[in-house]
Amino acid sequence: MSKILVTAAALAVLLPTSAVAADDHVLARPDSLKWSAGPPSLPRGAQIAIVSGDPSKEGLYVLRLKVPAGFKVPPHMHPQDENVTVISGTFNIAMGDKFDDSKGPQLKAGSFAKAPKGMAHYAWFPEETSIQIHGLGPAGITYVNPADDPRKQ
């Protein structure tokens with residue numbers, strides 16, 4: 001009898017969760033993404049597509065960035081962990097508050113990088129590249145050197 005009660009209790013807890021999760025089901029095909037100019041917080045040339053959620057609000061978000069060859073993001077930090085998956089091209093990332101493109105690994109399609117919240121890091125892209133970023137919002141970016149912030153230029 002106790003096994004039946006435990007099973008019933010587990011189902012009572014799990015079934016509502018799966019029903020809620022079904023409401024958030026998202027499918028995204030590359031040809032269905034809506035691309036627009038990147039946010040003003042990034043250097044010009046980036047394009048963005050929101051895959052799921054809203055990075056400006058609390059909760060999980062997923063977005064894609066497309067950048068041209070030679071694109072650079074100066075040293076900066078985020079208020080939450082930043083999780084990056086390389087979709088195509090080459091993504092270079094290094095930790096620190098001074099840009100030095102001799103440091104950091106070169107990540108190709110299929111690679112993943114995580115920059116913990118508050119850790120200064122920077123990125124550069126030697127070729128046209130698409131990355132997917134996911135995390136918990138609200139997302140934000142603070143440049144180590146305020147003069148590097150495109151919103152202030």
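Values in this text are rule-based calculations from the coordinates and carry no lab data. Computed from a predicted structure; not experimentally measured. Positions of Cβ are generated from backbone atoms using ideal geometry, with glycine treated the same way; all protein chains shown enter the neighbour counts.
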Take the residues in segment 26-72 that are among the aliphatic types (A, V, I, L, M) and within 12 Å of the chain's Cα centre (by Cα), then tell me which one is surrounded by the fewest Cβ atoms within 10 Å (Cβ to Cβ).
L60
When you go through S102, S52, S130 one by one, which is the residue that is among the hydroxyl-bearing types (S, T, Y) and without any contact (Cβ under 8 Å) to a residue 12 or more places away in the chain?
S102
Can you find even one residue in segment 72-91 that is part of a strand (DSSP E or B), of a type in the set (S, T, N, Q) and without any contact (Cβ under 8 Å) to a residue 40 or more places away in the chain?
yes
What are the residues in segment 98-145 that are surrounded by fewer than 18 Cβ atoms within 10 Å (Cβ to Cβ), among the β-branched types (V, I, T) and not in a loop (DSSP other than H, G, I, E, B), if any?
T142
